[in-house]
Amino acid sequence: MKKLQTAALILLTLAGLFFCFLGSGALSRMQSSLIGFLAPISQSGHTVKSSIGSIGKDLLTLDQLETEYSRLDAENRRLRAENNGLRDLLEENNHLRQVLGYREHSSFLLVPATILSHDAGVWWNTVKVNRGTKDGISTDMPVITDRGLIGKTTTVSDNISEVLLITDENCKVAAKVEGTKEQGICAGPRIGNGDLQLTFLSKLADLQPGQKVYTAGVSGGVFPSGIALGTVKSFHPRELDGEATLEPTADLDNLEEVFIVTGGK
Amino acid sequence: MRTLFLILLLCLLPVVVVVQDFLPILPPAQERIQLLPVLFCFGALALPFIPALFFALATALIQGLILLQFQSGQAENGLAPAIVFFLCWTIALQMTGEITHGLRWELHALGSFLVTITMLGGEFLMICAKRGGLPLSIDVLTRVAVPGGASLLLAPMLYLLLKSFVPITSEGSSANNPVPYDL
């Protein structure tokens, strides 16, 4: 028995040393495999959570349902009216494009995805989505919603990908401020509070609260140009540069459906 | 039976990792509940020394890989810190278990609290060492303390749940509670 224990201890030490000295490539493959292995449990968890959420929704009172119906009916009428107006605008826009010979603005190839879970890590802001290599997803693909940028894919398995949110300190995005020539690097603070920090601006930048910030689209970078990132909340000059605090355009606390940008059309 | 218990704990590891992602976020600053340290503490206290070390290695691999971040293709932190952390805590908890003559729920709760706060504190210090700067603030303390408190409160529940699976006899009785067993 003593020999068996010694052998086990040696095996444990060797295994520990082996894992301690693994390179980044091997670690990346192991992480991807682990996420793939956990995928069925994650998807089941998401289904259970959705079911529990829908039970709560079914338990609305009649008054609440009536109010909700009235609200949706009014919104439906408003959207129809708006849609009619937009249809006219679209026709006019198409006509003008043809007349002027403009090429259609660049647009993206999007893969819709559902947020499965927010990762429990305290110091990292990541979420898991239900799309992977089988859907044509690879690492470093931008992830957006209809309101703006939310992050990029980092680890991808067959059916699940991990998305690093823009509120994470490690997700750095080249950004430009609307109506100015100011450009900077946008990332989340280390102790995330939901805001973004736009640094390396000019000390004399005249930024006003409410100004919109978009991705700058650096050549060879991950994020294409012109995706909404946030709005300026405040600006303060530092010793060497200026720093602005931004409120993300996308609601990162209530993410459900997102789109992964797999390329341009 | 005891081998089955080790297998059960190993099977629970990935489940717990996923379940903690779906747990509600705690106020005031959206702190997350950590279940992995609670399960790890139970395994480290209930298993004999060598199986406990293997369990610690498995916990370290899962926790290390889940939290691994890559910057320009390079892993920010390898698995070594997680492996060292969980192995050290296993040795400490095993020694404490010997002093208290076996697994006790109070020890498990306190251990879960300590493992959680040292794990989160260690992660923060590691990030600071890698990225530079040490922005200590009340927010940092809250983000460490609140999940620690949650672990302290959740530990007795998990203890009661797992106790039904493990052949642990009466608490505190060294005669009836020969927790360590031969491999």
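The values are calculated or read from the model by the stated rules, or taken from the named source; none is laboratory data. Keep in mind the model is a prediction, meaning the values are calculated, not measured. Counting neighbours? That spans all protein chains shown, and the Cβs are built from the backbone with ideal geometry, glycine included. Calculation scope for accessible area: heavy atoms of the full protein, side chains included, ligands and nucleic acids excluded. Shrake-Rupley method; radii C 1.70, N 1.55, O 1.52, S 1.80 Å.
All conditions in (1) aliphatic (A, V, I, L, M); (2) within 18 Å of the chain's Cα centre (by Cα); (3) closer than 13 Å to residue A:184 by Cα hold for residue A:252, with the sole exception of (3).
Scanning the range A:206-220 for residues that are over 10 Å from residue A:244 (Cα atoms) and in contact with a strand residue (DSSP E or B) (Cβ under 9 Å, 6 or more places away or on another chain) yields a total of 10.
Given the criteria part of a loop (DSSP other than H, G, I, E, B), touching a helix residue (DSSP H, G or I) at 6+ places or on another chain (Cβ under 8 Å) and closer than 29 Å to residue A:165 by Cβ, does residue B:68 qualify? Considered against the rule, which asks whether it is part of a loop (DSSP other than H, G, I, E, B), touching a helix residue (DSSP H, G or I) at 6+ places or on another chain (Cβ under 8 Å) and closer than 29 Å to residue A:165 by Cβ, residue B:68 comes out as yes. Checking A:149, A:165, A:207 one by one, the residue that is closer than 22 Å to residue A:27 by Cα, away from chain B (no Cβ under 11 Å), of a type outside the set (D, E, K, R) and open to solvent by less than 40 Å² (accessible area, probe 1.4 Å) is A:165 and no other. Confirm whether residue B:93 is farther than 21 Å from residue B:148 by Cβ and either without any contact (Cβ under 8 Å) to a residue 40 or more places away in the chain or open to solvent by less than 30 Å² (accessible area, probe 1.4 Å) (or both). Considered against the rule, which asks whether it is farther than 21 Å from residue B:148 by Cβ and either without any contact (Cβ under 8 Å) to a residue 40 or more places away in the chain or open to solvent by less than 30 Å² (accessible area, probe 1.4 Å) (or both), residue B:93 comes out as no.
Looking only at the range A:1-17, which residues are outside any helix (DSSP H, G or I) and more than 9 Å from every other protein chain (Cβ to nearest Cβ)? Walk me through it before giving the result.
Here is the first cut: in the range A:1-17, the residues outside any helix (DSSP H, G or I) are A:1.
Those that are outside any helix (DSSP H, G or I) and more than 9 Å from every other protein chain (Cβ to nearest Cβ): none in the range A:1-17.
Restricting B:20, B:30 to residues that are without any contact (Cβ under 8 Å) to a residue 12 or more places away in the chain, of a type outside the set (Phe, Trp, Tyr) and closer than 20 Å to residue A:118 by Cα narrows the list to B:30.
Please determine whether any residue of the range B:103-121 is part of a loop (DSSP other than H, G, I, E, B), crowded, with 17+ Cβ neighbours inside 10 Å, of a type outside the set (S, T, N, Q) and in contact with a helix residue (DSSP H, G or I) (Cβ under 9 Å, 6 or more places away or on another chain). Give the derivation first.
So in the range B:103-121, the residues part of a loop (DSSP other than H, G, I, E, B) come out as B:103-104.
Going one step further and asking which of them are crowded, with 17+ Cβ neighbours inside 10 Å, we end up with B:103-104.
Now narrow it down to the ones that are of a type outside the set (S, T, N, Q): B:103-104.
Adding the requirement that they be in contact with a helix residue (DSSP H, G or I) (Cβ under 9 Å, 6 or more places away or on another chain) leaves B:103-104.
For the range B:103-121, residues part of a loop (DSSP other than H, G, I, E, B), crowded, with 17+ Cβ neighbours inside 10 Å, of a type outside the set (S, T, N, Q) and in contact with a helix residue (DSSP H, G or I) (Cβ under 9 Å, 6 or more places away or on another chain): present.
Restricting attention to the range B:20-36 and to residues that are closer than 19 Å to residue B:114 by Cβ and touching a strand residue (DSSP E or B) at 6+ places or on another chain (Cβ under 8 Å), the residue that is nearest to the other protein chains (Cβ to nearest Cβ) turns out to be B:32.
If you go through the range B:76-102 and keep only what is within 13 Å of chain A (Cβ to nearest Cβ) and either on the phi > 0 side of the Ramachandran plot or in a helix (DSSP H, G or I) (or both), you end up with B:80, B:81, B:82, B:83, B:84, B:85, B:86, B:87, B:88, B:90, B:91.
Give B:10, B:39 a once-over and let me know the one that is open to solvent by 10 Å² or more (accessible area, probe 1.4 Å), in contact with a helix residue (DSSP H, G or I) (Cβ under 8 Å, 6 or more places away or on another chain) and within 14 Å of chain A (Cβ to nearest Cβ). Steps first, answer last, please.
Details: B:39 fails: open to solvent by 10 Å² or more (accessible area, probe 1.4 Å).
Answer to the selection: B:10.
Taking every residue in the range B:53-75 that is more than 7 Å from every other protein chain (Cβ to nearest Cβ) and pairing it with any residue that is crowded, with 19+ Cβ neighbours inside 10 Å and part of a loop (DSSP other than H, G, I, E, B), at least 6 positions away or on another chain, the pairs with Cβ-Cβ distances below 6 Å are B:55/B:47; B:64/B:79.
Return the only residue of B:141, B:153, B:158, B:114 being under 29 Å from residue B:75 (Cβ atoms), more than 13 Å from every other protein chain (Cβ to nearest Cβ) and modelled with pLDDT of 85 or more. If you could, list the steps in order and put the result at the bottom.
Details: B:141 fails: more than 13 Å from every other protein chain (Cβ to nearest Cβ); B:153 fails: under 29 Å from residue B:75 (Cβ atoms); B:158 fails: under 29 Å from residue B:75 (Cβ atoms).
It is B:114.
Scanning the range A:107-121 for residues that are surrounded by fewer than 22 Cβ atoms within 10 Å (Cβ to Cβ), outside any strand (DSSP E or B) and either at the interface with chain B (Cβ under 10 Å from one of its Cβ atoms) or modelled with pLDDT of 90 or more (or both) returns A:119, A:121.
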